[in-house]
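> Below are the structure tokens for one structure; questions will follow.
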Ligand SMILES: [Zn+2]
């Protein structure tokens with residue numbers, strides 16, 4: 001059984017799907033899936049999760065998805081490479097970068113850009129913002145509803161605001 005957060009026109013719901021058939025049926029109905037917070041993604045379910053996001057399964061994608069979906073986390077492409085190496089899995093750097101880019105494009109993970117040299121992939125794709133610790137280079141989440149933005153500038157003509165990402169830089173006290 002797969003427990004997922006399901007987004008429908010009525011908002012987010014925690015749902016359970018007994019089979020891949022049920023998962024795919026719900027996916028084609030236009031819902032969006034998010035692994036529940038209280039649950040780690042089992043290896044045998046990762047292929048199903050990839051399919052649900054329209055990502056065709058390859059052994060390398062399964063390995064990279066397993067690292068990202070093990071828990072809610074923020075990892076750079078280089079950190080994913082290090083974890084693959086630690087598990088003695090050989091995946092080229094180019095494949096890791098391309099795969100994480102594809103995962104982000106398909107909504108499996110979220111890309112968080114701190115600056116042009118620091119890009120992280122976040123397995124928590126729900127709406128939230130980040131603290132970035134400049135001393136240790138880590139990201140921490142904070143909920144989007146604690147930051148109230150009521151003076152957003154009007155979007156340029158012919159466009160509308162898609163999303164607001166806040167990264168607050170912090171450093172350690174002493
Ligand atoms: Zn995050």
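> Exactly one condition in (1) within 13 Å of the ligand (Cβ to nearest atom); (2) farther than 19 Å from residue 46 by Cα; (3) without any contact (Cβ under 8 Å) to a residue 60 or more places away in the chain is false for residue 138; which is it?
The one condition residue 138 does not meet is (3).
> If you don't mind, there's one more thing I want to ask. Need at least 3 residues that are surrounded by 15 or more Cβ atoms within 10 Å (Cβ to Cβ) per element, so show me which strands (runs of 3 or more DSSP E) inside the stretch 96-174 make the cut, counting only ones lying wholly within it.
Values: elements: 110-115, 118-122, 128-133, 138-143, 167-170.
Result: 110-115, 118-122, 128-133.
Values quoted throughout were computed directly from the atomic coordinates according to the rules given, and no laboratory measurement underlies them. What you are looking at is a predicted structure, and each value in this text was computed from that prediction instead of being measured. So basically every Cβ, Gly included, is an ideal-geometry build from the backbone, and we count neighbours across all protein chains shown.
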